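The values are calculated or read from the model by the stated rules, or taken from the named source; none is laboratory data. Please read all numbers here as calculations on a predicted model, not as lab measurements. Cβ placement follows ideal geometry from the backbone for every residue including glycine, while neighbour counts extend to all protein chains displayed.
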Amino acid sequence: MNIGVIMIPRRSIIVSLCVASLIVLGCGDEGKDEEVVVNFLGSRPPEEASVPCNFLLTLDFDKSPLFVFVNGTPAEVQGMAATWSTEQYLDSGPYQFTVTWTNQDASIGAGVTLTFIITTDCGEGPPLIVASSVEDGDTSADPESLNRDGITVEFDEDVLKGTITISPEGEPPLDWTAEWSETSVKITPTPGNELVGDTVYVIEIQTRNFAGDELDTQIVFITKA
């Protein structure tokens with residue numbers, strides 16, 4: 001008696017094995033939900049610490065969250081940490097900060113509420129410029145050094161990231177990049193947007209402190225020929 005042999009395509013065998021694995025073992029998917037859940041580890045400063053009104057809050061996680069919010073406002077996520085600072089005036093006293101986040105699978109994280117003690121009030125009045133690479137009213141600024149080193153403006157207190165532009169008087173702004181830090185901002189030219197001699201330039205600056213006091217000012221200067 002001849003016994004027939006049924007030839008099964010190799011791809012069908014692989015699919016069948018995978019289906020069987022899914023039924024018996026879950027094909028390796030079991031436990032994936034646990035991998036995408038982001039857990040809160042702690043904060044810097046620690047909870048219940050005494051802090052100034054413009055304190056910077058750093059939140060640490062065991063994995064990278066997709067998004068983080070503190071009291072409904074977004075924090076800046078950088079890897080497994082997120083940073084946030086208040087943008088409103090806070091009087092002295094205890095405050096609660098509700099932290100929420102999105103897990104790696106886009107589900108909502110567990111969330112946590114932190115308490116901190118505000119010990120000092122924010123300063124009154126807008127921030128002031130205390131130093132600058134070029135002064136307002138300067139009539140002989142060196143364009144070569146400003147192009148090479150950039151222009152740095154320093155403030156008398158911590159400020160929020162604002163806007164800063166530089167342009168020839170009466171013309172559109174030049175393409176300069178801005179780097180904001182806690183108490184200063186530095187702008188540098190991109191290729192083809194350097195300053196030239198014997199020209200009036202206007203730097204426009206808009207920023208505010210953590211109390212919400214706004215600074216809207218300009219620096220006007222002339223480059224030497």
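Any residue at all in the stretch 1-24 that is over 27 Å from THR183 (Cβ atoms) and at pLDDT 65 or above?
Kept after step one, since they are over 27 Å from THR183 (Cβ atoms), are these residues of the stretch 1-24: 1-24.
From what's left, at pLDDT 65 or above: none.
Checked against the condition, which is being over 27 Å from THR183 (Cβ atoms) and at pLDDT 65 or above, the stretch 1-24 yields no hits at all.
In this structure, is ILE205 surrounded by 13 or more Cβ atoms within 10 Å (Cβ to Cβ), under 30 Å from CYS53 (Cβ atoms) and in contact (Cβ under 8 Å) with a residue 40 or more places away in the chain?
Yes.
Since THR183 meets every condition but one in (1) out of contact with any strand residue (DSSP E or B) (no Cβ under 8 Å at 6 or more places or on another chain); (2) at pLDDT below 95; (3) of a type outside the set (D, E, K, R), which condition does it not meet?
The failed condition is (1).
Go through (1) touching a strand residue (DSSP E or B) at 6+ places or on another chain (Cβ under 7 Å); (2) under 25 Å from GLN206 (Cα atoms) and name the single condition ILE108 misses.
(2)
List the strands (runs of 3 or more DSSP E) that sit entirely inside the stretch 141-225 and contain at least 1 residues that are touching a helix residue (DSSP H, G or I) at 6+ places or on another chain (Cβ under 6 Å).
184-189
Tell me whether the stretch 164-174 contains one or more residues that are within 15 Å of SER132 (Cβ to Cβ) and touching a residue at least 40 places away in the same chain (Cβ under 8 Å).
Looking through the stretch 164-174, at least one residue is within 15 Å of SER132 (Cβ to Cβ) and touching a residue at least 40 places away in the same chain (Cβ under 8 Å).
Considering only residues of the stretch 134-182 that are more than 19 Å from ASN193 (Cα to Cα) and among the polar types (S, T, N, Q), which is surrounded by the most Cβ atoms within 10 Å (Cβ to Cβ)?
My answer is SER181.
Quick check: anything in the stretch 113-123 over 27 Å from ALA82 (Cβ atoms) and either at pLDDT 95 or above or of a type outside the set (Phe, Trp, Tyr) (or both)?
Taking the stretch 113-123 first, the residues over 27 Å from ALA82 (Cβ atoms) are none.
Scanning the stretch 113-123, I find no residue that is over 27 Å from ALA82 (Cβ atoms) and either at pLDDT 95 or above or of a type outside the set (Phe, Trp, Tyr) (or both), so the answer is no.
From (1) more than 20 Å from the chain's Cα centre (by Cα); (2) assigned to a strand (DSSP E or B), pick out the condition that doesn't hold for ALA110.
Going through (1) more than 20 Å from the chain's Cα centre (by Cα); (2) assigned to a strand (DSSP E or B) one by one, ALA110 breaks only (2).
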